[in-house]
1. Scan region 12-45 for residues that are under 22 Å from Gln129 (Cα atoms), not in a helix (DSSP H, G or I) and not polar (S, T, N, Q) and report the count.
2. Those residues that are in a helix (DSSP H, G or I), closer than 18 Å to Ala52 by Cα and open to solvent by less than 50 Å² (accessible area, probe 1.4 Å), I need them from region 81-118; list them, please.
3. For the condition open to solvent by 30 Å² or more (accessible area, probe 1.4 Å), free of Cβ contacts under 8 Å to residues at least 60 places away in the same chain, among the basic types (Lys, Arg) and assigned to a loop (DSSP other than H, G, I, E, B), what is the one hit in Lys62, Lys48?
4. Do any residues in region 6-19 that are closer than 12 Å to Lys48 by Cα have Cβ atoms under 6 Å from those of residues that are open to solvent by 20 Å² or more (accessible area, probe 1.4 Å) and part of a helix (DSSP H, G or I), where the two are at least six apart or on different chains, and which pairs are they?
Amino acid sequence: MKYSKATNYALHTMVHLTMEPKGHTVSVDQLACLQDLSPTYLSKILTKLAKAGLIESVPGAKGGYSISRRAQDISFLDVIEAVEGQSVLFNCVFDHEQSDCLIERVMIEAEGNMKKELAGRTIQSIAEQSKEIKKEK
């Protein structure tokens, strides 16, 4: 199982935006520079995050992006699903005589546990840990 690079960039972007002062926006160029990305590529990711209601875009010369909800209400799962979608990771390819596939049942349970863990991890908690690490340096 592997998440896309877009999810990696989205999570880092969300943490960065969370660390910005309230009401402050960051341009796509600044965000792209921080991650050594093409602004065009990052714009596609930001569009997905905005569609999911996780960030908002402020147009204009002094515009940019900021988080649109409280960071403590944004989970890793929210960000992952905004980028990757909400489809299941495993579907059995065989037509079993029984009503369901035992292997699929195990995989769905494992996926549910993973989603539960990711839903319990907030962007705010990582931003706070990052701030603490920076203070220690």
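The values are calculated or read from the model by the stated rules, or taken from the named source; none is laboratory data. Predicted, not measured: the structure shown is a model, and the values here were computed from it. Virtual Cβ from ideal backbone geometry, glycine too; neighbours counted across all protein chains shown. Ligands, DNA and RNA are excluded from the accessible area calculation, which covers all protein heavy atoms including side chains. Shrake-Rupley method; radii C 1.70, N 1.55, O 1.52, S 1.80 Å.
1. Looking only at that region, the number is 6.
2. The answer is Glu81, Ala82, Val83, Leu118.
3. Lys62
4. Correct list of pairs: Thr7/Glu84.
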